[in-house]
Amino acid sequence: MSVPSKAPLRRPKPPFWRDPAKRALTFQILLMIGVAIFLLGIVNNTQDNLAARGITTGFGFLTNTAGFGIVQSLIDYSSESSYGRTFLVGLLNTLIVSALGVLAATIIGFVVGIARLSPNWLIARLATCYIEIFRNIPLLLQIFFWYFAVLRTMPSARESMSLGEVIFLNVRGLYLPEPQFLSGFGLIPAAFVIAVVASIAFALWNKRRQEATGKRLPAGWISLALILGLPLLVLLVTGVPVTWDVPALSGFNFRGGITVIPEFLALWLALSIYTASFIAEIVRSGIQAISHGQTEAAQALSLPQGLILRLVIVPQAMRVIIPPLTSQYLNLIKNSSLATAIGYPDLVSVFAGTTLNQTGQAIEVIAMTMAVYLTISLLVSTFMNWFNARVALVER
Amino acid sequence: MSHKNNKFALLTAATGLALATTAAAQAATLEDTRAQGVVQCGVSDGLPGFSSPNDQGEWQGIDVDVCRAVAAAVFGDSEAVRYVPLNAVERFTALQSGEVDVLSRNTTWTTTRDTTLGLNFTGVTFYDGIGFLVNKDLGLSSAKELDGAAICVQAGTTTELNVADYFRANGMQFDPIVFDTSEQTVGGFQAGRCDVLTSDTSQLAALRIQLENPDSAVVLPEVISKEPLGPVVRQGDDQWFNIVKWSLFAMLNAEEMGISSDNVDDMLSSDNPDIARLLGQDGNYGEAMGLEADWAYNIISQVGNYGQVFDRNVGMDSPLQIERGINELWTNGGIHYAPPVR
């Protein structure tokens, strides 16, 4: 066996413009350079024009005193705080209404979505009506409905509706008692943590026991009892070290307790109810995507109905549900910027509204606001992608 | 390949040119305005007495009359105005971006607005101050009793800042309920969302008559801030700045000289040299601004003098019934004082 000569195989290398791969690469690089020059041009042009017209630029304004009040703030804020602080206040207000909205929309959406598949005629039709009504009315109108038609017609502070003289509802909002923790209360969260750790350990033991012997205990109920029962027991043993700060009418308004402003209630209700109607349809379609054969196969194994849902249907439905569910969560977060229509102090209203107008620095403020929504949305989508990968069908 | 690149270069150049020319074009507002045939004037989204459409859909008010005066000076036709209603948050951006040529929208003259926004205030059309409107049945007699009140206020106004300052200075608390438009603030006040409606006192008079029952509300005596309201133009176009500034001065001078829309034709033959100069009978004072010699004559004959404008829109001939007070001419104990035409 002789070593074949390599010389005849080596063809002359074609010039790079005849090589499709290299040619494509060249064009892509040229395009990138072109786009970069274009963007640079826009930035330079904007800066030149702003400077030429004497419009102040830069982010120095963030440390200046804001000088205006904000009605709802999760962190310490007064009119002496800085514009940077108004950004944080607005951001947190956006996050809280979005987070609570996502939570409520998910719960309502799953309940209605499953109800729509109910064999009970009335329940299924009610769920259909809910979906068709709330899905087809524009969100802004729903926000206006809750704000102007429902919450604006509440009685004045002096004629508040009350629940046992501790919870009050009037045109200024919902007033709830606020728990005030006394010394010794620290034991209760500790008991809670112990209960959670114990139930995880129990669940693991239960699983191992099932694999070994085939017998299992109702782990869900036992864990629930542990997590609720232990802190409750400690609470009773320590003599309930909590007092309640009950709101009371003084001067113009109720003082004390927790105030939930009507702007928040209206926005939260509208966002949750509107988004839930879409989530319900996503859940229904996810469940219906699983072929009936799966249920029948599970029944043939004589699994009880609850286990069929938990072990067979839901895990498979989730991989259909999660991608569109992610978009609904993102929609809800972005839709929360409609807050500005009813004066809820969210990021758009406080920062891209008042702060922008008081400082006049539109470009910086709008860029920061857009960056916030982009970041929140990317984080949510990263998390949901991770979750999706976890529940995805692993093909072997 | 070279073909492709050429196209791209052309595109870049064209876009660059487009972006660059907008900057150059805004330096000559007068020529642009002449080319369009109208003055684009930013007004409020409906504030009776200052700028609001009447039942025929025509804009009326003291701020609208400033726009009309500028149009009369530029075109000799006070109706050559395109009104752009703007809320408080939109107004400065609209002016900066060239959507409007003049902003005449009850805007308070402050250092920040005059120096950091690339804008210039041309003068003061109305001297105002912030007040509080409350329900009569609360039985309040002073703003010092407002501790703990919920206050409806319009977003992006100096009111938002001045109210916060006032409550802080007096050691009082308040809940700001902030809405985008003044209509929404009135709605919030009527529904009982807030105890107090706050704004410039002139606006409170206007908003009060919009209430279902105007007698149920009173304006508290305190005026807590200085709010000089005036027209605004873009910085860097001195010619246009002068035109807007002198349109207002012409109306103030006319009132001082006793010229009104009723007698302006008779005054053309006046022997008074001040009047002859203002009306263009002696010299041409419009020329340096790029206007005709009869610029002031057109303003006075079509719009009227400052006193007429005031009385008709916000004064005793209007539903607002606001006293002239400090808005009188300096000769009558007020502080309006226009430089002479000379």
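The values are calculated or read from the model by the stated rules, or taken from the named source; none is laboratory data. This one's a predicted model, so the numbers in the text were calculated from it and none came from an experiment. When we count neighbours, we look across all protein chains shown, and the Cβ atoms used for this are built from the backbone with ideal geometry, even at glycine.
Look at A:S183 and say whether it is exposed (fewer than 14 other Cβ atoms within 10 Å of the Cβ), in a loop (DSSP other than H, G, I, E, B) and not assigned by TED's automatic domain parsing to the domain that holds A:G286.
Taking the combined requirement at face value, the residue satisfies it.
Residue check: is B:F132 surrounded by 24 or more Cβ atoms within 10 Å (Cβ to Cβ) and in a strand (DSSP E or B)?
yes
Take the residues of the range A:240-268 that are in a loop (DSSP other than H, G, I, E, B) and touching a residue at least 40 places away in the same chain (Cβ under 8 Å): which is farthest from the chain's Cα centre (by Cα)?
My answer is A:F252.
So in the range A:138-164, with the set limited to residues that are without any contact (Cβ under 8 Å) to a residue 40 or more places away in the chain and not in a helix (DSSP H, G or I), which one is farthest from the other protein chains (Cβ to nearest Cβ)?
The selected residue is A:G164.
Does the range B:141-179 hold any residues that are in a loop (DSSP other than H, G, I, E, B), surrounded by 15 or more Cβ atoms within 10 Å (Cβ to Cβ) and more than 10 Å from chain A (Cβ to nearest Cβ), and which are they?
Answer for the range B:141-179, where residues must be in a loop (DSSP other than H, G, I, E, B), surrounded by 15 or more Cβ atoms within 10 Å (Cβ to Cβ) and more than 10 Å from chain A (Cβ to nearest Cβ): just B:M172.
Quick test of your reading of the structure: B:S182 fulfils all but one of (1) within 11 Å of chain A (Cβ to nearest Cβ); (2) crowded, with 22+ Cβ neighbours inside 10 Å; (3) more than 30 Å from B:S301 (Cβ to Cβ). Name the failing condition by number.
Answer for B:S182: the failing condition is (1).
Out of all the residues in the range B:210-256, which are of a type in the set (D, E, K, R), buried (at least 16 other Cβ atoms within 10 Å of the Cβ) and within 20 Å of the chain's Cα centre (by Cα)?
B:E227, B:R234, B:D237, B:K245, B:E255
Which of the residues spanning the range A:55-66 are at the interface with chain B (Cβ under 7 Å from one of its Cβ atoms) and surrounded by 19 or more Cβ atoms within 10 Å (Cβ to Cβ)?
A:I55
Of all the residues that make up the range A:309-333, how many are within 22 Å of A:A270 (Cα to Cα) and of a type outside the set (S, T, N, Q)?
6
Which condition breaks for A:K22 when tested against (1) part of a loop (DSSP other than H, G, I, E, B); (2) more than 30 Å from B:G118 (Cβ to Cβ); (3) within 14 Å of chain B (Cβ to nearest Cβ)?
(1)
When the range B:78-124 is examined, which residues are found to be closer than 17 Å to B:T181 by Cα and among the basic types (K, R)?
Residues satisfying the conditions are B:R91, B:R105.
From A:L332, A:L303, grab the single residue that is assigned to a helix (DSSP H, G or I) and either more than 14 Å from chain B (Cβ to nearest Cβ) or farther than 30 Å from A:Q47 by Cβ (or both).
Criteria check complete, one pass: A:L332.
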